[in-house]
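**Student:** Sharing a structure here in structure tokens format.
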Amino acid sequence: MKKLFLVANWKEHKTLSEAHQFMISFLGNDLLSYLAKNVSVDRKIILCPSFILLPELAGLLHEFHLSGKIKLGAQNISPYPDGPHTGEVSARQIAEFASYVIIGHSERRREYNESDEILEKKVSAALEQNITPIFCVSDKDEFIPSGVTLVAYEPVDAIGTGSPDDPKSAQAVASYIKEKKHIHYVLYGGSVTSRNVDLYIQQPDIDGVLVGGASLDPVEFSQIIQNANPLL
Ligand code: PGA
């Protein structure tokens, strides 16, 4: 069955009450009935909020009996195990709430000088706790640590600009990464909205999307999920 990853990257947005409101609206519109009706595609919906929101969202998903359908991801992870690392959150701590983690986002590479070496450590830390890394690259030849199976291709010029990459060139990069780097799944990220998501999802080697700005609105993100229909 075709797997599709629909990932929300909330970045540094939403307070606890805003996240709560998002969830009530997100789960309250047509999304759940859409998911119940459309079972020919295995849709992995993954919400990646700030660390402080993970326990609240995990509790809500549990309450609504949706922990199986909607998963959580962190946006970062410590490269080190539990220990004297002030300000860091370890893989073991994250694993209580989340089964995915975004690693190597271009904002972190740029603002926090995350090197290939550090990113490799973060990937191993995640894998040791059975957390799946969503490893971001902005170029087809960027280093990908071993053990990564899920990559998000996000060209820097397309992030937060309203100028998404051409779907055909995103497809060419996705196909290259799968073939040359032996990666199972490649997502596209950068200015994805409910209006353009199908252009990416219909490419043969694109297995989903990583959505920033447009994932902050529950109606829009729900629409992105419902408009993401691959050619079967
Ligand atoms: P954007 O962000 O959808 O706002 O362009 C994507 C990302 O940075 O993951």
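**Student:** Condition first: open to solvent by less than 10 Å² (accessible area, probe 1.4 Å) and either modelled with pLDDT under 95 or touching a helix residue (DSSP H, G or I) at 6+ places or on another chain (Cβ under 7 Å) (or both). Can you find one or more residues in region 25-32 that meet it? Talk me through it step by step, then tell me what you get.
**Tutor:** Just the residues of region 25-32 that are open to solvent by less than 10 Å² (accessible area, probe 1.4 Å), to begin with: 26, 31.
Applying the additional criterion that residues be either modelled with pLDDT under 95 or touching a helix residue (DSSP H, G or I) at 6+ places or on another chain (Cβ under 7 Å) (or both) yields 26, 31.
Checked region 25-32: at least one residue is open to solvent by less than 10 Å² (accessible area, probe 1.4 Å) and either modelled with pLDDT under 95 or touching a helix residue (DSSP H, G or I) at 6+ places or on another chain (Cβ under 7 Å) (or both).
**Student:** For Val137, are the conditions met, namely being buried (at least 23 other Cβ atoms within 10 Å of the Cβ), in contact with a Gly (Cβ under 9 Å, 6 or more places away or on another chain) and either under 19 Å from Cys48 (Cα atoms) or among the acidic types (Asp, Glu) (or both)?
**Tutor:** Values: buried (at least 23 other Cβ atoms within 10 Å of the Cβ): yes; in contact with a Gly (Cβ under 9 Å, 6 or more places away or on another chain): yes; either under 19 Å from Cys48 (Cα atoms) or among the acidic types (Asp, Glu) (or both): yes.
Against the criterion (buried (at least 23 other Cβ atoms within 10 Å of the Cβ), in contact with a Gly (Cβ under 9 Å, 6 or more places away or on another chain) and either under 19 Å from Cys48 (Cα atoms) or among the acidic types (Asp, Glu) (or both)), Val137 qualifies.
**Student:** Among the candidates Glu107, Glu114, which residue alone is among the charged types (D, E, K, R) and part of a loop (DSSP other than H, G, I, E, B)?
**Tutor:** Numbers: Glu107 fails: part of a loop (DSSP other than H, G, I, E, B).
The unique qualifying residue is Glu114.
**Student:** Within region 107-127, is there a residue that is polar (S, T, N, Q), more than 22 Å from Tyr200 (Cα to Cα) and open to solvent by 60 Å² or more (accessible area, probe 1.4 Å)? First the steps, then the outcome.
**Tutor:** Within region 107-127, the first condition is being polar (S, T, N, Q), and the residues that meet it are 113, 115, 124.
Right, trim to more than 22 Å from Tyr200 (Cα to Cα) and you get 113, 115, 124.
Cutting the leftovers down to open to solvent by 60 Å² or more (accessible area, probe 1.4 Å) gives us 113.
Yes, region 107-127 contains at least one residue that is polar (S, T, N, Q), more than 22 Å from Tyr200 (Cα to Cα) and open to solvent by 60 Å² or more (accessible area, probe 1.4 Å).
**Student:** Take region 72-88 and flag every residue that is touching a Ser or Thr at 6+ places or on another chain (Cβ under 8 Å) and either of a type in the set (Phe, Trp, Tyr) or buried (at least 18 other Cβ atoms within 10 Å of the Cβ) (or both).
**Tutor:** Correct list: Leu72, Gly73, Gln75, Ile77, Ser78, Tyr80.
**Student:** Which count do you get for residues in region 202-232 that are within 21 Å of Val39 (Cβ to Cβ), among the aliphatic types (A, V, I, L, M) and either more than 15 Å from the ligand (Cβ to nearest atom) or surrounded by fewer than 21 Cβ atoms within 10 Å (Cβ to Cβ) (or both)?
**Tutor:** Residues in region 202-232 being within 21 Å of Val39 (Cβ to Cβ), among the aliphatic types (A, V, I, L, M) and either more than 15 Å from the ligand (Cβ to nearest atom) or surrounded by fewer than 21 Cβ atoms within 10 Å (Cβ to Cβ) (or both): 2 in total.
**Student:** Going by the conditions given, is Lys14 at pLDDT 95 or above and part of a loop (DSSP other than H, G, I, E, B)?
**Tutor:** Working: at pLDDT 95 or above: yes; part of a loop (DSSP other than H, G, I, E, B): yes.
Judged against the criteria, Lys14 is a match.
**Student:** Next up: So which residues in region 4-24 are more than 24 Å from Ile201 (Cβ to Cβ), within 16 Å of the ligand (Cβ to nearest atom) and open to solvent by less than 60 Å² (accessible area, probe 1.4 Å)?
**Tutor:** Result: Lys14, single match.
**Student:** In region 143-159, which residue that is of a type outside the set (Gly, Ala, Ser) and away from the ligand (no atom under 15 Å from the Cβ) is surrounded by the most Cβ atoms within 10 Å (Cβ to Cβ)? Before you say what the answer is, go through the steps one by one.
**Tutor:** As a first pass, look at region 143-159 and keep what is of a type outside the set (Gly, Ala, Ser): 143-145, 148-151, 153-157, 159.
From what is left, the residues that are away from the ligand (no atom under 15 Å from the Cβ) are 143-145, 148-149.
On the way: Phe143: 14, Ile144: 21, Pro145: 18, Val148: 23, Thr149: 13.
Within region 143-159, the match that is surrounded by the most Cβ atoms within 10 Å (Cβ to Cβ) is Val148.
**Student:** Going through Gly104, Gly162 one at a time, which residue ends up being crowded, with 17+ Cβ neighbours inside 10 Å, within 18 Å of Val211 (Cα to Cα) and within 13 Å of the ligand (Cβ to nearest atom)? Can you show your working first?
**Tutor:** Details: Gly162 fails: crowded, with 17+ Cβ neighbours inside 10 Å.
The unique qualifying residue is Gly104.
The values are calculated or read from the model by the stated rules, or taken from the named source; none is laboratory data. Every value quoted in this text rests on a predicted model; they were computed, and no experiment measured them. So basically every Cβ, Gly included, is an ideal-geometry build from the backbone, and we count neighbours across all protein chains shown. Accessible surface areas use protein heavy atoms only, side chains included; no ligands, DNA or RNA. Shrake-Rupley method; radii C 1.70, N 1.55, O 1.52, S 1.80 Å.
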